[in-house]
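What follows is a short report on a single structure.
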């Protein structure tokens, strides 16, 4: 963005150029340019020579010509209009969330702070339902997928900040879960599908072992995510069933290495789904 002005001393037009320094903080960087010579006026503090042209030329003129202004007479001061420049908006993410499909979520509050006092913040979000005035996320997710949303808070000067979170709608979340065995009562099967990363299920130290989830109704299965604890499956299968007795294998792994297995592009359906571990990756059992 630029505005053209006039240098009355040199009888030459000049350009005042303004380009956004930060689209988030409502700032502008400004320079004064002679359109004929292309020399830009530098206002950076460099001690005794605080105002120079670029390429550098000392503007203190000791001659008898019309331009004898010293550098200290060439200071350009810019004042923001319509608000405070350089406000900093900090948006605190509520963290990644897991939600069961078709279930209304408990309202989740997004908080934000403004470096300028007395500002009113307005909230917006992509892929999420949020109150513009309070920053509260609500709704009833239906589609089964993982969505990355951006929450933005903007003040009255136009300054803004944002936070990103991932929202996963999970068929298995909170559903009845059983297993072939448990290592201890504190590591029950239900802890694998409670949506809380610190909790886990762990099996006995033997092969084979399985973890089974009842989805309630027959569902198409396109993606399964296994988040392993240190005790992982080197060889395992993802299987589906309509009755919990007859199983169809939709995925087979033989070189598992632990960590997170995000299995996409699956084709299958069933009311029940299970991980059937056939070879352990460690001397321990299986743990999800």
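Every number in this text was worked out from the coordinates using simple rules, so none of it is lab data. Here the structure is a predicted model, which is why all the values come from computation and not from measurement. With ideal geometry, Cβ positions are generated from the backbone for all residues, glycine too; neighbour counts draw on all protein chains shown.
Starting from the Cα of residue 243, step 7 Å along the direction of its Cβ; do the same at residue 196; then give the gap between the two resulting points in nm.
My value for the distance between the label points is 3.7 nm.
Need one word for the stretch 112-214: rounded, prolate or oblate. Basis is the Cα gyration tensor (sqrt eigenvalues a ≥ b ≥ c); a/c below 1.5 gives rounded, then a/b vs b/c decides.
Prolate is the answer for the stretch 112-214, as a/c is 1.5 or above and a/b outweighs b/c.
Based on the Cα gyration tensor of the stretch 89-169, what are the three equivalent ellipsoid semi-axes, each the root of five times an eigenvalue, rounded to whole Å and given largest first?
Those come to 25, 11, 9 Å.
Indicate the gyration tensor shape class of the stretch 133-288 (rounded, prolate or oblate), computed on the Cα atoms with a ≥ b ≥ c the square roots of the eigenvalues: a/c under 1.5 is rounded; otherwise a/b larger than b/c is prolate and the rest oblate.
prolate
Please state the relative contact order of the stretch 89-169 as a whole percent: Cα pairs under 8 Å, 6+ residues apart?
Over the stretch 89-169, the number comes to 39 percent.
Extension gain residue 205-residue 218, at 0.36 nm per residue separation less the Cα-Cα distance, in nm?
My answer for the length gained is 1.5 nm.
Where a ≥ b ≥ c are the square roots of the eigenvalues of the C-alpha gyration tensor, would you call the stretch 220-282 rounded, which needs a/c under 1.5, or, failing that, prolate if a/b is larger than b/c, or oblate?
prolate
Between residue 262 and residue 106, what is the FRET efficiency for a Förster distance of 22 Å, r being their Cβ-Cβ separation, to the nearest 0.05?
On the way: r = 27 Å, r/R0 = 1.21.
The computed FRET efficiency comes out at 0.25.
What percent do you get for the relative contact order of the stretch 233-274 when only Cα pairs under 8 Å and 6+ apart count?
50 percent
If you look at just the Cα atoms of the stretch 161-224, how large are its Rg and its Dmax in Å?
For the stretch 161-224, the Cα radius of gyration and maximum Cα-Cα distance read 14.5, 51 Å.
Per the Cauchy relation, a quarter of the hull surface: what is the mean projected area of the convex hull of the alpha carbons in the stretch 137-185, in nm²? Provide the component values of the computation, followed by the final result.
Details: hull surface 25.4 nm².
If I average the Cα hull's projected area over directions, I get 6.4 nm².
Please list 188-194, 178-184 highest first by mean number of surrounding beta-carbon atoms within 10 Å per residue.
Most protected by this proxy first, the peptides run 188-194, 178-184.
Quick one: 232, 286, 123, fewest Cβ neighbours within 10 Å first, how do they rank? Working shown, then result.
Values: 232 23, 286 34, 123 19.
Final ranking by Cβ density, sparse to dense: 123, 232, 286.
Quick check: Cα centre of the stretch 217-278 to Cα centre of the stretch 100-142, how many Å?
34 Å
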